[in-house]
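Working notes, beginning with the structure itself.
Readers should treat all values here as calculations from the given coordinates under stated rules, not as data from a laboratory. Since this is a predicted model, take the numbers as computed values, not measurements. Virtual Cβ from ideal backbone geometry, glycine too; neighbours counted across all protein chains shown.
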């Protein structure tokens, strides 16, 4: 009997800690599939964030480093600059990447570091229980914006792909979503392209993935998928924001 | 190689390269910017890399990544910049990563000044990062020693898998003295089979993390680290003793102040006062045993520091407060003179 679907080799055979309906698991699997398909698990070094994906180091079979909050791009720079033949990626959430780690994110883009950033945008701080993130949308209720995010009080959300696209060292920036099958397939394609760009030394590649957080949004998993479609996509339009890869 | 005349900061940079450190990550701050400038010039010529980070925070995290992937690497800064690095240093300790960090101290708190200071003694030896942790801290007192201790710092870091801090000051960093790089000895270093640099399909994955949610696991990881500290304590404590054999008064000073004190001790001896000096070369671990031994014969101690009195605590602890310990200090960037120290020694009396 031939196997038609199996766990990717680059993915560890352990139970994940993610909430039911959270799409982190899907993105983990897509990254692992890409590591398998490009045959780069042995060269890969992943850098995990602080946030829901803090245990990402338990879920990938490549070498892994757990960074301090927001510092993954700097840690990845340290690995890549001393081991240029390694394939180095960070896996970060919105608080990690776009609040506390904004400087690190912008400057790996400016330097054109040959690393890949997998960026999960779920519009809130998941691990600490649903606080306002830099990507929380205007009007969105979180535990620290209980009356809805008000631009006069909490300011505006940050659009990461649009921001990164302004930096000369960024080779590839695309926003995708994993709330339907079509989106999952597009996400896989984007992640693969991002890693390929790194292998070909094109510069920084970042894939922003609109992701669900049913627990903190107070929605069922199915409702959360709809929330991505109806609430997030209008604020964070999908698409390629920068592509100098020439693929 | 013959002796060459170099600034302390440059000697450290060259010594690091000679020790095989080909990766430097830093951020400009006075009075240590010469190191980054020297590295920027030299590194491309020796096949290395000097990368200017966007902040001290990023620089230390680049060190975290470089060290985690098994590379000899170094960063340098001065007091306010070291405070910014303290988060990263704690993570580096938590992952047991070897690297060398240099603090060319300036006055504080806050933005402080840019003149020499030893006001970061407590920070360096007690709490350069959150959590149960120590750094191995070396305190050079000459340009030659800056070169030698820098090379040794890399070996010690690799031997024990610890970050090593070199605590210098603006005076040592800026002064020029002859330095001989041929005197530097190298140690045998264990292989870095723990590094995260790609398993190449040849071994299981390496994970470098300081996160242990299970209290027992965290306790065990800290206990294992403290076992290592014990070994460092047994093998690596170092100090210089000057005229202490029959000393009634023992002056304790490190770094730039020890040079002023040495002159004062010599001058006091000429006046017939039985005074000597102990100069800690390692500040953490502290040469407590050596001081305790001196307290058997000496009747008074004097610590001389460029701060409001920090190392004095360690001296009191070392001799278990069995003798009076006096203090002479300047802070904010001013230096005491040889005469100041001599006057203090004379004031303390001391048996002739």
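Given R0 = 35 Å, the distance between the Cβ atoms of residue A:131 and residue B:40 translates into a calculated FRET efficiency of 0.25. Give me the Kirkwood hydrodynamic radius of the stretch B:1-119, using the inverse of the mean 1/r over all pairs of distinct Cα atoms, in Å to one decimal. Its Kirkwood hydrodynamic radius stands at 14.5 Å.
Build a GNM of chain B with springs between Cα atoms under 10 Å apart, and of B:46, B:265, B:304 the one that fluctuates most is B:46.
Normalise the Cα radius of gyration of the stretch A:162-201 by 2.2 N^0.38 Å (N = residues in it) and let me know the number.
Working: Rg = 11.5 Å, N = 40, 2.2 N^0.38 = 8.9 Å.
With N residues counted in the stretch A:162-201, Rg over 2.2 N^0.38 Å equals 1.29.
With 10 Å bins beginning at zero, the pair-distance distribution over Cα atoms of the stretch B:73-151 amounts to 17, 51, 29, 2 %. Can you pull the percent of Cα pairs in the stretch B:240-347 with separation above 25 Å? Beyond 25 Å sits 10 percent of the P(r) for the stretch B:240-347. Computed from the C-beta positions of residue B:321 and residue B:3 and an R0 of 51 Å, the FRET efficiency is 0.70 to the nearest 0.05. Its alpha carbons give the stretch A:50-133 an Rg and a Dmax of 12.5, 38 Å.
Considering all different alpha carbon pairs of the stretch B:163-202, the Kirkwood hydrodynamic radius works out to 15.0 Å. So which residue, out of B:87, B:320, B:240, gets the largest mean-square fluctuation from a GNM of chain B using Cα contacts under 10 Å as springs? Ranking B:87, B:320, B:240 by mean-square fluctuation puts B:320 first. Only Cα sites of the protein assembly as shown enter the Debye sum here, all with the same form factor; the resulting log10 I(q)/I(0) across q = 0.05, 0.06, 0.13 1/Å is -0.26, -0.37, -1.24, listed in q order.
What the pair-distance distribution of chain A shows, using all Cα-Cα distances binned every 10 Å from zero, is 8, 34, 39, 16, 3, 0, 0 percent. As a proxy for reagent exposure, ranking A:232, B:133 by other Cβ atoms within 10 Å from fewest up yields B:133, A:232.
Counted by neighbouring Cβ atoms within 10 Å, the residues B:316, B:230 run from fewest to most as B:230, B:316. Estimated from helical segments only, the mean residue ellipticity of chain A at 222 nm is -8500 deg cm²/dmol, where each DSSP H run of four or more residues counts as -39500 (n - 2.57). In this simple spin-label model, placing a label point 7 Å from the Cα along the Cα-to-Cβ direction at both residue B:204 and residue A:200 gives a separation of 3.8 nm. The stretch A:153-191 and the stretch A:196-247 have Cα centres lying 5 Å from one another.
The spacing between the stretch A:101-136 and the stretch B:32-74, judged by their C-alpha centroids, is 24 Å. Taking chain B as a Gaussian network, where each spring joins two C-alpha atoms under 10 Å apart, which residue of B:71, B:244, B:209 fluctuates the most? Looking only at B:71, B:244, B:209, the largest GNM fluctuation is found for B:209. Taken over the Cα atoms of the stretch A:1-145, the convex hull encloses 121 Å³ per residue.
Quick one: in the stretch A:122-247, what % of C-alpha pairs are over 24 Å apart? Value for the stretch A:122-247 (Cα pairs over 24 Å): 33 percent.
Counting only DSSP H runs of at least 4 residues, each contributing -39500 (n - 2.57), and dividing by the residue count of chain B, the helix-based mean residue ellipticity at 222 nm comes to -12500 deg cm²/dmol. When the alpha carbon coordinates of the stretch B:177-240 are projected onto the principal axes, the ranges are 51, 32, 21 Å, largest first. Over all directions, the projected convex hull of the C-alpha atoms in the stretch B:161-303 averages 14.0 nm² in area.
In whole Å and largest first, what semi-axes does the C-alpha gyration tensor of chain B yield when each eigenvalue is scaled by 5 and square-rooted? Rounded to whole Å, the semi-axes are 35, 23, 18.
Of B:254, B:91, B:160, the sequence from fewest to most neighbouring Cβ atoms within 10 angstrom is B:160, B:91, B:254.
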